[in-house]
Structure formats: C-alpha cells, structure tokens
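The values are calculated or read from the model by the stated rules, or taken from the named source; none is laboratory data. Since the structure is predicted, the reported quantities are computational estimates derived from the model, not experimental observations. Note that we place each Cβ from the backbone using ideal geometry, even for glycine, and neighbour counts take in every protein chain shown.
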Amino acid sequence: MPPAYLVRPPASPHGQLPAGPDWTCRVELADLLRACRARLARPSVPGNRGGGLRQEDIANLAGLSLRRYAAFERGEFTPPTGMVGQVAAALQMSEAERSALHILATGQDPPRPVSRVAQAQPREPSKPLRDLISHMGPYPAALTDETWKLLHYNPAMNAWAGGWYDAADPGERHLVLYLFSKSAEDFLPDLHAVRRASMAMLRYQYTRNLAAPGFDRLVARLTASSPEAAALWARHEVAFPPHEFPVRVRHPDLGITVNGHVLFVPVSPRLWTYTMVLPPGIQPPA
C-alpha cells in the first residue's frame, strides 16, 4: 500500500478522480527516490535488520535534516539544483536517473557540467544520420559538431548559401562564419539581428565546451575576420540556442523574401542537426 501522502484524493461527486500532471509528478518523484533507496544496502551493524536505506540514512548522506529530505521526497517544494545534486549523489544515481530527478523535482533539465579537460576527437556522424540529411530534399540541412562546424550537409544547404560551403576550405565551413560572408548579406534581410543572436548563442556554446578542439581558433578566426564579429563577441552576450526560431530569407532566383523556420537540435552533447524549413513549393536556387 502506498504511503498516505501519495493516496489520491477522493473522487468528486461525479466519480472523477482529480488526477493531473502535478500529482503524477509527485508520485513519480517519490517512487524514483524510494526505488533508489531500496537498492542500497544499509550498513551491517548490531540491531540493523538490513534492507534498503531509510530516509534518515539519505538525509545524513546528503547533509540534510530528516524533515527536509522527507519533504523533498514528497515533492512539497521546489528544491535548489544543488540540493538535487546532493540527493542524487547520496543515492548513487546514474546519469539518466539524475536527469529524471532534476526534471521531476525542479521542472528543468540538470545543469550540464562544463568541459575543462582534453576530450577525444568527436566521432564522424553515422551513415544513417548522413543519409537522412542528404535526403531531406529541398530543405537545407546539415550536421554540426558542438562548435557548429559543419560535418555533413546536403546540396540544398550549399545552394541556399550561394555555393559558399562547397567553395570554403573544410575548416572554414561553419554556421556562424558563414553569417559574416558576402553570400549571407545577399541571403538574409535581417542579417545584423541574426548575427547578434547567433554570436550570443555561440558564446553559450563556448562556455559549455571550453575544451572542445578548435573552439579557441574559431573565436580568433571570427573576431579577426570582421570588426562586427569582434564587437559582438566583446559584448559578452549569452543566450540559450533555441530549438526552433523564425528566419526570413531572400530567394535569389524568384526575387522574393520567404518566411522560414530553422530547427536546430542537439543529437548528443557533441552533435547537432540544422534544418531550415521553407514553405511548400519553394525550391532551392538553381
């Protein structure tokens, strides 16, 4: 039988249970914590009947009072992220469990640790991922690393950029470097706003991936190649990269401005997909 505080409130006169996302979240939080406590063996001491860790055991390990931990397990308040981390460490949670705990307890993903040590070179995107990007038809699409350097892109991506990506040195094929090219000036009517927003998002990527190979060289290349890029970087503006945002583009063949949407989604911490979705019937430039 579940604890009394997790028993659903009585049904309404119409027989409907007041179940909802808040109640479900509290139940899921408590169940996760109880399951993690149950799998950890209590120390073998005289008078200890064994079994999983009790609330007071986890409270002691996490540096919390029993009352505070019990309220946390019941989902009675939104805890600071540091407290969630203390509880996760005390329960020896896996990365997936830690993430689930943060989401259930705070409603947000856990903060990702800043990478400060040397990392191995990222693996090349898999063939299925490359094939998916290649076959996205008229939509410009690409795979990038965590610095937003292009690792693979389809013909539409190059066509909408006026051939810039094919012409660029492989080391220069970068989403933000492109924004400071002549091709981008012809393509994006709101270019200066796009540049400012992109540099703020790149600054966030930089702070999250300080040890990523080549990031320092990229920043040096950007700031040396354009006074505007140097000024924007010096502003130190930081913004989360949104997964979807509107963009206006000029079609060089049709002479019209088209409203599109960019989808920019991480596949993993070191691999992103970029896609620009345009209205039906709009084909890439010839």
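Of all the residues in segment 247-286, those that are in contact with a strand residue (DSSP E or B) (Cβ under 7 Å, 6 or more places away or on another chain), free of Cβ contacts under 8 Å to residues at least 40 places away in the same chain and over 21 Å from Lys149 (Cα atoms) number 5.
Applying a threshold of 9 Å to beta carbon distances and a minimum spacing of six or more residues, or different chains, the list of pairs starting in segment 192-207 at a residue that is closer than 12 Å to His236 by Cα and not assigned by TED's automatic domain parsing to the domain that holds Ala231 and ending at one that is modelled with pLDDT of 95 or more and crowded, with 19+ Cβ neighbours inside 10 Å is empty. Filter segment 260-282 for residues that are polar (S, T, N, Q) and within 18 Å of Ser198 (Cα to Cα); which is surrounded by the most Cβ atoms within 10 Å (Cβ to Cβ)? Result: Thr275.
Being under 20 Å from Val258 (Cα atoms) and either assigned by TED's automatic domain parsing to the domain that holds Glu228 or in a helix (DSSP H, G or I) (or both) is a description that does not apply to Ala212.
Output the residue which, of all residues in segment 234-249 that are within 19 Å of Tyr139 (Cβ to Cβ) and among the hydrophobic types (A, V, I, L, M, F, W, C), is surrounded by the most Cβ atoms within 10 Å (Cβ to Cβ). Looking at residues that are within 19 Å of Tyr139 (Cβ to Cβ) and among the hydrophobic types (A, V, I, L, M, F, W, C), I get Val249. Please determine, by comparing only the residues of segment 222-233 that are under 16 Å from Val194 (Cβ atoms) and hydrophobic (A, V, I, L, M, F, W, C), which one is surrounded by the fewest Cβ atoms within 10 Å (Cβ to Cβ). That would be Ala231.
Quick one: is Lys149 free of Cβ contacts under 8 Å to residues at least 40 places away in the same chain and charged (D, E, K, R)? No, not satisfied.
Being among the acidic types (Asp, Glu) and outside any helix (DSSP H, G or I) is the requirement here; does Glu228 meet it? No, not satisfied.
A quick yes/no check of all residues on (1) touching a His at 6+ places or on another chain (Cβ under 8 Å); (2) in a strand (DSSP E or B):
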| site | (1), (2) |
| --- | --- |
| Glu237 | no, no |
| Phe240 | no, no |
| Phe245 | yes, yes |
| Arg250 | no, yes |
| Val262 | no, yes |
| Pro266 | no, yes |
| Tyr274 | no, yes |
| Pro280 | no, no |
| Ala286 | no, no |
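Considered as a group, the residues in segment 78-109 that are β-branched (Val, Ile, Thr) and either touching a Cys at 6+ places or on another chain (Cβ under 6 Å) or part of a helix (DSSP H, G or I) (or both) include one that is surrounded by the fewest Cβ atoms within 10 Å (Cβ to Cβ), and that residue is Thr81.
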